[in-house]
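What follows is one structure encoded as structure tokens, with my remarks underneath.
The values are calculated or read from the model by the stated rules, or taken from the named source; none is laboratory data. Just so it is clear, the structure is predicted and the values come from calculations on it, not from any experiment. Counting neighbours? That spans all protein chains shown, and the Cβs are built from the backbone with ideal geometry, glycine included. Side chains are part of the model used for accessible areas, which takes the heavy atoms of the whole protein and leaves out ligands, DNA and RNA. Shrake-Rupley method; radii C 1.70, N 1.55, O 1.52, S 1.80 Å.
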Amino acid sequence: MQDKDREKGFKDWFLDNWTNKPIFSTGIALVVMIILQTWSLGFDYDSLGSWFLTWINNWINILRNNAGVGLIALGMSFVIMSAGIDLSVGSTLVAVGASLMMLIDRGPNGILINLGIEGIPAIFIAVILSLAIGYFLGNLNGLLITRGGIPPFVVTLATMKFYRSVTQHFMQGYNPRVPMQFLGISNFQIGSFRVMPVIYWLLIAGVLYFVSKRTTFGRQIIAVGSNERSANLSGVNVKKVKRRVYAITGLLVSFAAIIQVSRIGSMDYANAGSGYEMEAIAAAVVGGTSMSGGRGTVIGTILGVLIIAVMNNLLNLLGVPPFLREAFKGLILIGAVLMQKKQKSV
Amino acid sequence: MQDKDREKGFKDWFLDNWTNKPIFSTGIALVVMIILQTWSLGFDYDSLGSWFLTWINNWINILRNNAGVGLIALGMSFVIMSAGIDLSVGSTLVAVGASLMMLIDRGPNGILINLGIEGIPAIFIAVILSLAIGYFLGNLNGLLITRGGIPPFVVTLATMKFYRSVTQHFMQGYNPRVPMQFLGISNFQIGSFRVMPVIYWLLIAGVLYFVSKRTTFGRQIIAVGSNERSANLSGVNVKKVKRRVYAITGLLVSFAAIIQVSRIGSMDYANAGSGYEMEAIAAAVVGGTSMSGGRGTVIGTILGVLIIAVMNNLLNLLGVPPFLREAFKGLILIGAVLMQKKQKSV
Amino acid sequence: GSVSAQDKYKIGVLAPAVTHGWVAAVAYHAEARCEELSDQIEYRIQTSSNAAEMTSQLDDLKTWGAEAIVAFPQWTGMEVPIRMAIEDGIEVVNFDIKIDVDGVYRVAGDNYDMGVEGAHYITDKIGKEGTVVILEVPTAGSVSELRKAGFLDTLEEIGADFDLHTYATKFTREAGLSDMSDILIRHDQIDAVYSMDDETSIGVVKAIEEAGREDIKVVTGGGGMQEYFEMMPEYQNIWLESALYSPAMVKDAVDMALDILKGKDVPQEKIIPTTIVDRTNYEKFLDPDSPY
Amino acid sequence: MKIEMKNISRAFGAIQALKDVDFSVQGGEVCALIGENGAGKSTLMNILGGVLPADQGEILIDGEKVEFNSPAESLNSGIAFIHQELNLINDLPIYENMFIGRELKNKRGFLDLEKMESKTREVFEKMQIKLDPKTMVRDLDTSYKQIVEISRAIMMDASIIIMDEPTTSLTDQEIERVFSMMETLKKHDVGIVFISHKLSEVMEFCDRYTVLRNGETVAEGLVEEVTVDQLAYSMVGHEVRTESLQRETEFGEEVLRVENLTFENNFKDISFSAHKGEILGVTGLLGDGRRELFEAIFGSGQIESGEIYLKGEKIRVRNTTDALQKGIGYLPRDRKENGIIKDMNIFENASIVTWPIFDNWGVIDLERQEKEFEQQVKDLQIKMDQKNDPINSLSGGNQQKIVLAKWLIASPELFILDNPTQGVDVGAKEDIYDIILELAAEDIAVIILSSEAKEIIRICDRSLVMYHGIIQGELKGDSMTEHEIMRLATGAQTNSRQEGS
Ligand SMILES: Nc1ncnc2c1ncn2[C@@H]1O[C@H](COP(=O)(O)OP(=O)(O)OP(=O)(O)O)[C@@H](O)[C@H]1O
Ligand SMILES: Nc1ncnc2c1ncn2[C@@H]1O[C@H](COP(=O)(O)OP(=O)(O)OP(=O)(O)O)[C@@H](O)[C@H]1O
Ligand SMILES: [Mg+2]
Ligand SMILES: [Mg+2]
């Protein structure tokens, strides 16, 4: 009797969370995918230790490879929560990456080296300046949207073209050389694990979680995205909130650029970051952010990034026929969202 | 005195239209760009005749080259008006194009030829079937969105991957040969002008204009996109309207695929139609469609397509440095939208 | 149509949109060469991302009055529009992906041959047995398909008995890095990686390094990227190879177009054979001025 | 604090909404602002609230000239504003909505959510509102939303509170509580501007009144010196009928019968029927579940068990389109969220329901729609400029008339009206009652949902009173009194044995 009761207790708890907490069902979707993934790693009871090490390494790979997009997705989810969109993230990444590399370049054109600044101070200054540049570019998006009264889609489509194009134009034919020390930012090892990007991602996500829950700005993003008119009538400075959301996204993109440059030591201006806008939007939406604004969470977005990351990882591990890989991605994407709590329609 | 009055009349008329009719200001933006473009063709008073011929030919090129995207943009604007989005248009184009080519293929695997059907009947059947396939693929998007309760962004991102990937998988290494007669669909000349695609575009746009203004379905799209709840409580079958919007977009993409295949005589499954979703969305938004639904017009979208087309044409004619071309596109895009009536903010 | 006889020739270049490093380098070289020749020619360079867009640019070049066109698609299926251009009396020089139309001049490396050379290189280094990972790029269309076909056909011809695993990736170092790190998890033993592009290969090498793996003996590449060349001597345990398909070849295509307009006698086809670069000979190909 | 508005004028295109209007209010008094629909009340207050700029005129606070360019500026000088249409953030919980724009922070500058929640709880307790402050506003019914808005304004420590029709979806019980809160505020020297079409409220609660008609002040003075009839007269410019509408008619056959309808906790085991020519009222307090019940009958909500019979035939209503085709009409409450399509013009809003009914092969029959529309504009005396002006350019009451018009054009056999006279002025209210009576005379079964007991008594032949999702009792004829309704609505058992029919 008691047993049955306890069982019912769990079932009720589960159903209650399932229907009322979107994040819960997103989490379940992720768990199901992780089970699939674990199984595809060929669980082997005899050599549990080495199997587990592989499992851990696989996860560190996943997290490290997605730290950059993960940061961008967080910014994107704020933008979408405010009922906007930012297509320029990939191009901002390239612009910031190029500036960063020109700053720390050890070649003849390196900016800081020509000013006589080298070593750790140079790296420090370059990082700060890159963050400032990203913030500035994001802020520019925000200004065009709020002061110019142009739809976010158009503004960021335009700057997406502009930022990358100008970067390519100025960087054509020049390959900056990044100093070895700089690579430590991402490649520093803790034990035998290269987990720095993961740590940055989680730290920043923690800060943003706090910002979204516990600051005026964080809550006003939701107010503005949910009902701009009501927010304005309640005395919220709608334009300021919107502008800041884009600026912060620019800042997060800078972090991603720093991680990316310090990880690979170089950047391909034509291609780096291309398609990140779609990946970031997809992660946010899979994580429960509503494209019409007002709804979304930091944790949901992180889960969304992980669902997409595990999906890519899974397909590589399973060795799906290359030309069908994207088809499977499509199926998994729909499956993962179907598994989640249904949107209330009408 | 009278003169001044008349002047004031014009000014008032202009200002009134400018502030109250979004299409008017969009039209003005287009006119400004056409003036720039005309000027860039190097107006030459001495050889007016040949200059004019060049001008006309240039315009026929613009229209012909944008008929496909133009059709897709019309579908997209309906989708966006209903507060949805369709990212799968490019992939649907490839899927329909491949089916069409397999149907009329003159090689060993050609479907209709193997059934003993050739010539005009084969072309006729192939066209009808292609339209049906496009309608079906669009309808599938619609069903997943309405029955599955999955956000349009996720559904069409998934089918965008799925449709192209499956097409590539099946078409790998096979190049169908399109019969010469088929090329006539797009290449038939009227006088010395190859204008068939333009005619198709304008005819279909005319029908859609009527649908959007005068039919129950057309007006219900706006109702659904503006306030889904109110629409539902007014007896509108919201799910049906939404599903149909995607199906019609699929149909329009089929028309675009037929035009494209009959124009170029082949299709590259990896690249064809890639980026069309962005171009179509951009055209719709530049033409005054609101990303949050409820607002948009057929004429606005056509103007949007033309603004973007003239922009590309202008840049090609001016010979902007290739790496800066995209930067100029970005600037013109913002300029064109800034020139339009400002969105009322808050 | 061209109106009056002008003293400069009008040459148009149709390039793909710069979606990855090698293509960007081609666009760079094409522009640089046109600029050098600017006392003799007027030029326009257009970039596009698919056949339909390239076709409309072709129309725009006609409007502008191009007499010759250097067409450099990254996709198949430009035959009909190019045939129409030739019918309108425009000279066409084709670079890279083949446009199969009578009357087209052609300057190119050989994508198929790059695969052939890759197969020879790998069997040369690891013998005819072992595990080989092929990284193909479905999104790149025929470039990838040709290289892969050359590779597989040659393996069969040689009679190599590899355990082959094919994966999809992209021509970028980020994709190379992230996909390769998954592949390394899945396979405990890999002897060689057939990668088709230097950008991908840079990511692959980075993934191998991060995983601390020592079983991989060969990583191929394609294109001819300075950064990759410089990595070659740093890895003494892995043979880093690149099948050189120099983006600078596009200069020959521009020159050929000019020669045709000048009425000089030019060969219909100029195929530049694939050159293999690895740590034994990379120094010959280092060029501090190269953009790529 | 004393606020004076002097010589205020404001035009919207050709319409002169305000002409040289003076208005004032000061701490410790409640000033009623009344007038028929479209008289300019909301416009005047929007100018004071910084929502709209005036074309002309000035605003003085304690004799000093001020200018409000945004709602924030007006708020900051101590003016709280409850707008005619709900203005809450659906995606935030109640307690955060209470503090939007002036969030409480702790010493380190972070949000003090706990304090915001407990303060909200305090106010709710004072007002005897049983609401969990953590509930998402999205999940609240209109009446609860209105209560939240009022509580928010009350909590703001404002010197002046503008209330633009604050009580439209509240029941008498809540209205009483709101008034007692306001009484306290008044004692604390807060000034209140009170806009309402319920003149009894004005009489009961206000000190002064100002009447607007066509954008001009037509009367002002002290409330104690006038009668309801005088106020009504100066609002609409003619006598307003007050006699009872009770009528003696035979009802026809049964149109709707429901048996044991149940959905979760919203409504349980509901059985009743409605007949041709009958006007059936359904009332109750907040949370009685009547909206859910009738939305379900209209095909927009869910049903767990039970049956619906239409003209004796058992039916299943799959969706609202199906309901429309079967001859069921439903006028929802809360026009902003459920009734209006803001991107469509007046004419389209009035014809959306009938597009599929009148169309030829999918093509809208414009001529017929226009004819019907003109008729409704005349019957309902809708005050508007061009029929293709945006719906938002109409005053609140006129928007309500448009929403009503779209269903009248469809002429359903069974017509459910939820709060049909929300925000409608006294004159037009009578017109709407007449129309409802006419419908009944044409053998249509009419069901009216209302929280106003007076309205139910005035017009209905029979009424059902709901309590927590069940039908607590049925009242008819002389037994239909405010007292009896209130008794049932608060859960008391019925005296007679007339169970649910
Ligand atoms: N945004 C607007 N655009 C055009 N006209 C408007 C606008 N807002 C109000 N009006 C017009 O101004 C007049 C006054 O409207 P207002 O909303 O002030 O009326 P009201 O007295 O509040 O009426 P109600 O009792 O129905 O709420 C009306 O004729 C209305 O149509
Ligand atoms: N905020 C809430 N918290 C808890 N229960 C609620 C809440 N709102 C509604 N309910 C419950 O849901 C059911 C339906 O309530 P609802 O307010 O929707 O009915 P209604 O017919 O709209 O009432 P009214 O006509 O008074 O507005 C009731 O059982 C009520 O107790
Ligand atoms: Mg009003
Ligand atoms: Mg209620």
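Quick check: anything in the range B:157-176 away from chain A (no Cβ under 14 Å) and either surrounded by fewer than 19 Cβ atoms within 10 Å (Cβ to Cβ) or under 19 Å from B:VAL127 (Cα atoms) (or both)? Yes; the residues of the range B:157-176 include at least one that is away from chain A (no Cβ under 14 Å) and either surrounded by fewer than 19 Cβ atoms within 10 Å (Cβ to Cβ) or under 19 Å from B:VAL127 (Cα atoms) (or both). Residues of the range D:242-280 that are closer than 17 Å to D:LEU449 by Cβ and either aliphatic (A, V, I, L, M) or within 16 Å of ligand 4 (Cβ to nearest atom) (or both): D:VAL255, D:LEU256, D:VAL258, D:LEU261, D:PHE263, D:ASN266, D:PHE267, D:ILE270, D:ALA274, D:ILE279, D:LEU280. Among the residues making up the range C:34-54, those that are in contact (Cβ under 8 Å) with a residue 24 or more places away in the chain, open to solvent by 10 Å² or more (accessible area, probe 1.4 Å) and polar (S, T, N, Q) are C:GLN40, C:THR47, C:SER49. The residue pairs whose first member lies in the range A:312-335 and is more than 7 Å from chain C (Cβ to nearest Cβ), whose second member is part of a loop (DSSP other than H, G, I, E, B), and whose beta carbons are closer than 7 Å, counting only pairs six or more residues apart or on different chains, are A:PHE328/A:VAL320; A:ILE334/B:ILE150. When A:TYR269 is tested against (1) open to solvent by 10 Å² or more (accessible area, probe 1.4 Å); (2) more than 14 Å from chain C (Cβ to nearest Cβ), only condition (2) is not met.
Counting residues in the range D:394-401 that are open to solvent by 20 Å² or more (accessible area, probe 1.4 Å) and either more than 16 Å from ligand 3 (Cβ to nearest atom) or within 20 Å of B:VAL211 (Cα to Cα) (or both) gives zero.
Say we look at the range B:288-346 and pick out the residues that are open to solvent by less than 10 Å² (accessible area, probe 1.4 Å) and of a type in the set (Gly, Ala, Ser); which of these is modelled with the lowest pLDDT? Top of the filtered list is B:ALA336. Checked against (1) touching a residue at least 60 places away in the same chain (Cβ under 8 Å); (2) away from ligand 1 (no atom under 16 Å from the Cβ); (3) closer than 26 Å to D:ALA72 by Cα, D:GLU174 passes all but condition (3).
Screening D:SER169 with (1) surrounded by fewer than 21 Cβ atoms within 10 Å (Cβ to Cβ); (2) at pLDDT below 90 gives one miss only, at (1). Filtered by the rule that a residue be charged (D, E, K, R), touching a residue at least 40 places away in the same chain (Cβ under 8 Å) and surrounded by fewer than 24 Cβ atoms within 10 Å (Cβ to Cβ), the range C:181-234 gives C:ASP191, C:LYS217, C:GLU230. For the range A:82-124, taking the residues that are within 21 Å of A:MET171 (Cα to Cα) and free of Cβ contacts under 8 Å to residues at least 12 places away in the same chain, the one that is surrounded by the fewest Cβ atoms within 10 Å (Cβ to Cβ) is identified as A:PRO108. So, D:ILE382, is that one open to solvent by less than 30 Å² (accessible area, probe 1.4 Å), at pLDDT 90 or above and β-branched (Val, Ile, Thr) or not? Taking the combined requirement at face value, the residue does not satisfy it.
Taken over the range A:197-239, the criterion of being away from chain D (no Cβ under 11 Å) and surrounded by fewer than 23 Cβ atoms within 10 Å (Cβ to Cβ) is satisfied by A:VAL198, A:ILE199, A:TYR200, A:LEU202, A:LEU203, A:ILE204, A:ALA205, A:GLY206, A:VAL207, A:LEU208, A:TYR209.
Scan D:ILE82, D:ILE89, D:ILE100, D:ILE94 and give me the residue that is within 14 Å of chain A (Cβ to nearest Cβ) and within 16 Å of ligand 4 (Cβ to nearest atom). Exactly one residue qualifies, and that residue is D:ILE94.
Each residue in the range D:273-289 was checked for being modelled with pLDDT of 90 or more and of a type in the set (D, E, K, R), and 2 pass.
If the condition is being of a type outside the set (Asp, Glu), under 21 Å from D:VAL236 (Cβ atoms) and touching a residue at least 60 places away in the same chain (Cβ under 8 Å), then the range D:422-453 contributes D:GLN422, D:GLY423, D:VAL424, D:VAL426, D:GLY427, D:ALA428, D:LYS429, D:TYR433, D:ILE436, D:LEU437. Among the residues of the range D:383-412, just one is more than 10 Å from ligand 1 (Cβ to nearest atom) and more than 19 Å from D:TRP355 (Cβ to Cβ), namely D:GLN386. D:ASP365 falls short on exactly one of the conditions (1) in contact with a helix residue (DSSP H, G or I) (Cβ under 6 Å, 6 or more places away or on another chain); (2) more than 14 Å from chain B (Cβ to nearest Cβ); (3) more than 17 Å from D:TYR330 (Cα to Cα); (4) surrounded by fewer than 23 Cβ atoms within 10 Å (Cβ to Cβ), and that condition is (2). Here is a check on your reading of the model: is A:SER230 in contact with a Leu (Cβ under 8 Å, 6 or more places away or on another chain), part of a helix (DSSP H, G or I) and not basic (Lys, Arg)? Yes.
Can you find a residue in the range D:121-135 that is more than 16 Å from ligand 2 (Cβ to nearest atom) and not assigned by TED's automatic domain parsing to the domain that holds D:ASP418? Yes, the conditions are met somewhere in the range D:121-135. Of the set (1) in contact with a Leu (Cβ under 7 Å, 6 or more places away or on another chain); (2) surrounded by fewer than 16 Cβ atoms within 10 Å (Cβ to Cβ), all apply to A:LEU74 but (2).
Taken over the range A:130-181, the residue count meeting the criterion of being assigned to a helix (DSSP H, G or I) and more than 21 Å from the chain's Cα centre (by Cα) is 16. Among the candidates D:TYR467, D:TYR433, the residue that is open to solvent by 20 Å² or more (accessible area, probe 1.4 Å), on the phi < 0 side of the Ramachandran plot and in the same structural domain as D:GLY287 (by TED's automatic domain parsing) is uniquely D:TYR467.
Per the listing D:PHE124, D:PHE81, the residue uniquely open to solvent by less than 40 Å² (accessible area, probe 1.4 Å), away from ligand 3 (no atom under 16 Å from the Cβ) and either under 24 Å from D:GLY27 (Cα atoms) or within 23 Å of the chain's Cα centre (by Cα) (or both) is D:PHE124. Annotation: of all residues in the range D:127-162 being within 16 Å of ligand 3 (Cβ to nearest atom) and under 23 Å from D:PRO332 (Cα atoms), the one that is surrounded by the fewest Cβ atoms within 10 Å (Cβ to Cβ) is D:GLU149.
When D:VAL218 is evaluated against the numbered criteria (1) within 16 Å of ligand 4 (Cβ to nearest atom); (2) modelled with pLDDT of 90 or more; (3) surrounded by fewer than 20 Cβ atoms within 10 Å (Cβ to Cβ), which criterion, by number, is the only one it fails? So D:VAL218 meets the others, but not (1). A residue that is within 15 Å of ligand 2 (Cβ to nearest atom), touching a residue at least 40 places away in the same chain (Cβ under 8 Å), assigned to a loop (DSSP other than H, G, I, E, B) and surrounded by fewer than 12 Cβ atoms within 10 Å (Cβ to Cβ) occurs somewhere in the range D:265-274. The residues of the range B:246-273 that are out of contact with any Gly (no Cβ under 7 Å at 6 or more places or on another chain) and aliphatic (A, V, I, L, M) amount to a single one, B:ILE258.
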